[in-house]
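The values are calculated or read from the model by the stated rules, or taken from the named source; none is laboratory data. As the structure is a prediction and not an experimental result, all values here were calculated from the model. With ideal geometry, Cβ positions are generated from the backbone for all residues, glycine too; neighbour counts draw on all protein chains shown. Note: accessible area is taken over every heavy atom of the protein model, side chains too, but ligands, DNA and RNA are not part of it. Shrake-Rupley method; radii C 1.70, N 1.55, O 1.52, S 1.80 Å.
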Number of protein chains: 4
Amino acid sequence: MIRAAIIGATGYTGAELMRILLFHPAVELVAITSESSIEQRACQHYPALSGLTDLRFEANNPEKLAPQIDVAFLALPHAEAMEAAVDYLQRGVRVIDLSADFRLNSPQLYEQVYGRKHIAPQLLAKSAYGLTELNREAVTNTDLVANPGCYPTCVLLSLAPLFQQQLAADPIIIDAKSGVTGAGKKLNTRTQFAEANEGLSPYGVGGHRHQPEMVQELAKLGGYAPEVVFTPHLLPLSRGMQSTSYVPLTAGVSRQQVVEGYQQFCENEPFLHFLGEDIFPNVRDVRGSNNCLVGIHVDKECRRAIVIAVIDNLVKGASGAAVQNMNLMFNYPEEEGLRGIFQVL
Amino acid sequence: MIRAAIIGATGYTGAELMRILLFHPAVELVAITSESSIEQRACQHYPALSGLTDLRFEANNPEKLAPQIDVAFLALPHAEAMEAAVDYLQRGVRVIDLSADFRLNSPQLYEQVYGRKHIAPQLLAKSAYGLTELNREAVTNTDLVANPGCYPTCVLLSLAPLFQQQLAADPIIIDAKSGVTGAGKKLNTRTQFAEANEGLSPYGVGGHRHQPEMVQELAKLGGYAPEVVFTPHLLPLSRGMQSTSYVPLTAGVSRQQVVEGYQQFCENEPFLHFLGEDIFPNVRDVRGSNNCLVGIHVDKECRRAIVIAVIDNLVKGASGAAVQNMNLMFNYPEEEGLRGIFQVL
Amino acid sequence: MIRAAIIGATGYTGAELMRILLFHPAVELVAITSESSIEQRACQHYPALSGLTDLRFEANNPEKLAPQIDVAFLALPHAEAMEAAVDYLQRGVRVIDLSADFRLNSPQLYEQVYGRKHIAPQLLAKSAYGLTELNREAVTNTDLVANPGCYPTCVLLSLAPLFQQQLAADPIIIDAKSGVTGAGKKLNTRTQFAEANEGLSPYGVGGHRHQPEMVQELAKLGGYAPEVVFTPHLLPLSRGMQSTSYVPLTAGVSRQQVVEGYQQFCENEPFLHFLGEDIFPNVRDVRGSNNCLVGIHVDKECRRAIVIAVIDNLVKGASGAAVQNMNLMFNYPEEEGLRGIFQVL
Amino acid sequence: MIRAAIIGATGYTGAELMRILLFHPAVELVAITSESSIEQRACQHYPALSGLTDLRFEANNPEKLAPQIDVAFLALPHAEAMEAAVDYLQRGVRVIDLSADFRLNSPQLYEQVYGRKHIAPQLLAKSAYGLTELNREAVTNTDLVANPGCYPTCVLLSLAPLFQQQLAADPIIIDAKSGVTGAGKKLNTRTQFAEANEGLSPYGVGGHRHQPEMVQELAKLGGYAPEVVFTPHLLPLSRGMQSTSYVPLTAGVSRQQVVEGYQQFCENEPFLHFLGEDIFPNVRDVRGSNNCLVGIHVDKECRRAIVIAVIDNLVKGASGAAVQNMNLMFNYPEEEGLRGIFQVL
């Protein structure tokens, strides 16, 4: 059994981790922490958990918790996460960080994008970027996983077949859309029902924090740092995320190459599903699941591919991917605890 | 022309007043106040107003504003409203108060229900309860209108035909449902999109503040204070409110009496529409409008009526009713500025 | 292993059965039928199933299917279901019927309520009413389960503690609300997004088909047939159902009796959760789960209880309850396959 | 007074025309037609109209109606519309066609895009493309207006400043999003609440019918036919439409040129509002109104503009634009009847 704790369990990704870990056959969820809800029962906060757990929130006390756990999931805000990571790693606990603190390889870039100095730049080199499908070996052999951002997950999984095979030129236009849980649980006028309902608006136009993360990883795949124009939009749905990517193809690429690239990339992947040419996914179809569904359109002259992908931002875009990484780190089957968690309707 | 100001114009009822007053043919909207948004333009706050007004929010300064206006609409929180009412009334400005401060006739009851002492109990006697359809003479002749609560508006308009004609016994069960704008614009976990969407929950069970207001007014209509059990529920829609009332009928009442009671009560009312026996309204059908739609079911033995009514909580339940009252106070046709504001879809 | 088939698997309850049965550790889902989608893969119809099953829809052929299965779940329209029940039962296959065909004990009442003659009245006597919590022995020992209606499930589970202990008088007012999947998958103007969104409307006022079913079962619990006034409403949410019941208490009942009645009734039930006095459930909190959450309010004088309950209409109100019954029929733990299927958000 | 009829008034654009025309100070709405709802009152179909009109649907009989009206609004499906246009024009009635039948200048292109032969190619030359802001003279002097498609309206109004001043190169990527009323009132699985809610999906990828219309009009503005890649998506909202356009700028263009281009283009337009550089509109902010709001981002090197625009698909994208055109055709102020129809919330 893997003994696990969720550090910062009252937010949306923390709650989603509870949903998954409580029914993971190889996990014992030992502790959940929250500074604001100490002593409260998890099911008071999330009544959906009624009858499923007696856990209570406690303070994050690494000294006390470290001896009891094998892995700590950090569902904390940026900056708080890197402190907690240091605390747990030095006490021999493996760490899966759902924040952005270990995603960017360069401390300079981190400082530029997130506006603060990185306190543990030495750990950046040791950490594995936890986009499982693209990084299995590193994830398996690390003590510190940087769980990817939700937008990068959706984009990278759906563009990897083009970049790995050098089929993609640039500039790449990525028009993305996300439900409101992507903004987290913090109170916000923009995510109040009466403001978000019947609404749609872009944000971070020309400068979203996930853009450098995408470029960093696409460069590893394709051998060059492409120009990426990334525009996210806020949608009136609770969960789910979609990216529509417009990718120029390199000269001479054939339709068959592109289609087969996707087929091969996805065929042995438990959570990636290529729907086919001109069949496109609906964000509904991944609610609650760890799946990423992809469809593509290639224009007549094979000059451009339109790649459309969907994930659940809270599962494959956060907590599900974290558990997928945990499975690898502890030598369990990658799908353990993650297959039966989907919604049909 | 009626010169008007909206005191507290950034909230939802204030915004809705702007929508109506800017296109009211007899109104000049002179000022809008907001302590938190001074100097900001209304259309920055509510971009739907782009191109429609150049008004900017200013501080609430009765000394400065009173000489420029004939009427002040108070869209303020309880307690703040009664202070502002005193300020404007003593400077000769008529007041339409959208808060609860002047709705209850007894200062003792006010203190009990709203938890604070009333600062102007002498004004309670002078104020008119602004449920226009039931109180035209008083509204026409007052300087201070207490605009009714949204739930009481929906309930009283739909039960008045039974009470006025002594057809209703008690206890009366009222199961009501409201969209999230009923909770106002203040940030609130409960009204965050991810919490309200796909949700439905009761609140104030057994003790909602609007219950005593209903009883007070039903007693005036029917000659006795009925037992009223009132349970409101929060719904995932932006606007709109519905009440399903279960009313025991007094002995010997005939179906025809009930149906004709509704027909007669509604037939000359511009904003009340009786759909008929066993035809029921949808809350959609009053969005943006000042209408109240009513349908009824009477059981076979004529022992009980089920009365279902809908209003838009922000219009007939607040700002529209306020303008309807203003029309009467200034001797304009009651419907002026209120007929073309509805949504079909 | 229990070998199962879903007869009529393209509708919403059929789809929900797939979600549950595909991950039930003791079930092999052998066949799914649909006359309109023969040969299509389940995951074409419901892309959420991508990667989870290769099943294809086939025609409902009892002769062919009966030898391969132990149990048939009938997710068919009324009337079609009773024919299929006969077909499978006479071939030795156990039947769990999700339609209304075997819920009413009297063929006369069935004809009156559903407008057609019952073709197998002799089976009515053999069938067990599948409200598991109230009927375990009968369910365990039958070959034919009549799965309860969604509204009766919500109402009966939440009123049983009062009726079993003779604490409830009548008339009982039940104001209920349901999301749109309750209306099934058939195309319908009323359930089109643009008509249902931002809407709320009652239906079946004074004559809904689930009312006689409630009265029949309450009479078994309480020893008398209470007067039940039942008004359902359609809500703009996909899943979920709530009932707010107003129940007169019999003379002399104490608050403690009522509260303890609920505590005792729920304490050993895996899927029933009594939140406590004056703590009320949100319909969100049971999405995807087989739980029923209940909260109550008792008025000061102990004359009336307000009982508020929520279920997911597709799970505890249909497919989840069906699987719970199957577990009993085949001597598996009642919760098998049903605990990890909930949504926190 | 302009005497008007709506031909095909039960659909969503027909209903929206009723909302606007019933309160237009210069219009008498003489007749509404619908083959499926003859003799029914408009307010039975759309209860929001209760108390606002006694009109009943009648058959479309040009012989009978032509003498009574000055203008016919055709809210009919493609192909039916061109027949009706011929019928009314030859009887001396002006026609505003909300279908696609007269939008494309070339009958060959029409046949290719809409799959049928055009029955009145001679009228294509006489018709005016009713994107009012770009075509005032033609609209004023025609008897036949081809009201633009909703997507072309949103895209053309927001790209016109770039094309008119030759600032735009290609290819242009247009990622657009629309609420469900864009799909019309016809029953459709895809627009059922339970399918559209919590969903987002692309459609017409690589081949939507509105793309040739956009290219045709952009060519008139810019002097060349740009490559336009257009991908619309279906969103879970009732009204509203947004386009995010990625436009390469021609070499040497300065940021100031772009910004001033938008300022100048919009400054005297009653319904176009340029929010400014890096201020972006929310689709909520145009609900019910005839406004088009636009915001832009220009990248650091002035190589690309991101142009984001919103309209209400039923108003500026259909019925509002039709009335705006009518105003011009009959020499009324362009804004008549169109300013007070918006929603703030």
Cα centroid separation, region D:115-194 to region C:48-77 (Å): 47
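Using +1 on the beta carbon of Lys and Arg, -1 on that of Asp and Glu, and nothing else charged, what's the dipole of chain B about the Cα centre, debye to 20?
Details: 27 positive and 36 negative charges, 80 e Å.
The calculation lands at about 380 debye.
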Determine, from the Cβ-Cβ distance of C:Q90 and C:D54 and an R0 of 41 Å, the FRET efficiency 1/(1 + (r/R0)^6), rounded to the nearest 0.05. 0.85
Averaging over all projection directions, find the projected area of the Cα convex hull of region D:2-126 and quote it in nm² with one decimal place. 7.7
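One quarter of the convex hull surface, Cα atoms only: what value does that give for region A:264-329 in nm²? Before the final figure, lay out each step's value.
Values: hull surface 20.3 nm².
Dividing the Cα hull surface by four gives the mean projection, 5.1 nm².
In the P(r) worked out for region D:40-96, what percent of Cα pairs fall beyond 16 Å?
Working: 812 of 1596 pairs.
For region D:40-96, the fraction of Cα-Cα distances above 16 Å is 51 percent.
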By the mean-Cβ-within-10 Å protection proxy, highest first, C:144-154, A:97-107, D:205-215, D:184-194 rank as C:144-154, A:97-107, D:205-215, D:184-194
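Taking 41 Å as R0, compute the FRET efficiency from the Cβ-Cβ separation of C:D278 and A:R190 and round it to 0.05.
Details: r = 33 Å, r/R0 = 0.80.
So the FRET efficiency works out to roughly 0.80.
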Unit charges at the beta carbon, dipole of region C:151-315: most positive-side option, C:F280, C:N197, C:L249: C:N197
About its Cα centre, region C:55-210 carries a charge dipole, from +1 on Lys and Arg Cβ atoms and -1 on Asp and Glu Cβ atoms, whose size in debye to the nearest 20 is 160
For chain B, longest principal axis from Cα atoms; helix B:255-267 axis from its Cα atoms; angle between them, nearest 10 degrees, is 20
Put a dot 7 Å past each Cα toward the Cβ at B:S106 and B:E63; how far apart are the dots in nm? 4.0
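Classify the protein assembly as shown as rounded, prolate or oblate, taking a ≥ b ≥ c as the square roots of the eigenvalues of its Cα gyration tensor: rounded when a/c is under 1.5, otherwise prolate if a/b is larger than b/c and oblate if not. Display every interim value, and only then the final one.
On the way: a/c = 1.33, a/b = 1.01, b/c = 1.32.
Rounded, because the longest to shortest axis ratio a/c is under 1.5.
About its Cα centre, what dipole magnitude does region C:2-126 give when the only charges are +1 on Lys and Arg Cβ and -1 on Asp and Glu Cβ, stated in debye to the nearest 20? Spell out each step's value before the answer.
Working: 11 positive and 14 negative charges, 44 e Å.
In debye, rounded to 20, region C:2-126 gives about 220.
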Which of rounded, prolate or oblate describes region A:12-64 when judged by the alpha-carbon gyration tensor and an a/c cut-off of 1.5? oblate
Give me the accessible area per residue for region C:2-126, probe 1.4 Å, as a whole number in Å². 39
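Using only the Cα atoms of region D:151-313, what semi-axes does the equivalent ellipsoid have when each is the square root of 5 times a gyration tensor eigenvalue? Give whole Å, largest first.
Numbers: eigenvalues 155, 59, 36 Å².
That gives 28, 17, 13 Å for the three semi-axes.
Classify region D:110-187 from the C-alpha gyration tensor, please: rounded if a/c falls under 1.5, else prolate or oblate depending on whether a/b exceeds b/c.
Values: a/c = 1.64, a/b = 1.11, b/c = 1.47.
Since a/c reaches 1.5 but b/c is at least a/b, the shape of region D:110-187 is classed as oblate.
What accessible area per residue, rounded to a whole number of Å², is obtained for region B:231-325 using a probe radius of 1.4 Å? Don't skip to the answer; put the middle values down first.
Numbers: 2440 Å² over 95 residues.
Each residue of region B:231-325 exposes 26 Å² on average to a 1.4 Å probe.
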Listed residues D:A168, D:M82, D:P270: farthest to the positive end of the dipole of chain D (Cβ charges): D:M82
So, with a 1.4 angstrom probe, what is the percent of accessible area on region D:151-313 that is carbon and sulfur? 48
Give me the summed buried accessible area for the D-B pair, 1.4 Å probe, to the nearest 100 Å². 2800
Which of the residue pairs A:K316/D:K186; B:K300/C:K117; B:K316/C:K300; C:K177/C:K300; A:K186/B:K117; A:K177/D:K316 have a Cα-Cα distance greater than 31 Å in the structure shown? A:K316/D:K186; B:K316/C:K300; A:K186/B:K117
Over chain B, what is the mean sequence separation of C-alpha contacts under 8 Å (at least six apart), divided by residue count, expressed as relative contact order in percent? 17
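How big is D for chain A, in µm² s⁻¹ as a whole number, if Stokes-Einstein is applied with the Kirkwood radius of its Cα pairs at 10 °C and 1.306 mPa s?
Details: Rh = 20.4 Å.
Estimated diffusion coefficient is 78 µm²/s.
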So which residues in region D:320-345 end up with at least 30 square angstrom less accessible surface once the other protein chains are there, compared with the chain by itself, probe 1.4 angstrom? D:R339, D:G340, D:F342, D:Q343, D:V344, D:L345
Taking a label point 7 Å from the Cα of C:A26 along Cα-to-Cβ, the residues of region C:67-91 whose backbone nitrogen sits under 15 Å from it are C:70-71
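Please list A:330-340, B:277-287, A:78-88 highest first by mean number of surrounding beta-carbon atoms within 10 Å per residue.
Values: A:330-340: 17.2, B:277-287: 23.4, A:78-88: 20.2.
Ranking the peptides A:330-340, B:277-287, A:78-88 by packing returns B:277-287, A:78-88, A:330-340.
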If contacts are Cα pairs under 8 angstrom and at least 6 residues apart, what is the relative contact order of region A:186-256 in percent? 34
Ranked from highest to lowest mean number of other Cβ atoms within 10 Å per residue, what is the order of the peptides B:5-16, A:299-310? B:5-16, A:299-310
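Over region D:151-313, what is the relative contact order in whole percent, taking alpha-carbon pairs under 8 Å and six or more residues apart?
Details: 340 pairs, mean separation 49.2, N = 163.
That works out to 30 percent.
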Anything losing 20 Å² or more of accessible area from the isolated chain to the full protein assembly: pick those residues out of region A:257-290, probe 1.4 Å, ligands and DNA/RNA ignored. A:H273, A:F280, A:N282, A:V283, A:R284, A:D285, A:R287
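Please work out the ratio of the alpha-carbon Rg of region C:41-184 to 2.2 N^0.38 Å and round it to two decimals. Let's see the in-between values first.
On the way: Rg = 17.7 Å, N = 144, 2.2 N^0.38 = 14.5 Å.
Compared with the compact-globule rule of thumb, region C:41-184 sits at 1.22.
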P(r) histogram, all alpha-carbon pairs of region A:225-288 included - 10 Å bins from 0, percent: 15, 39, 37, 9, 0
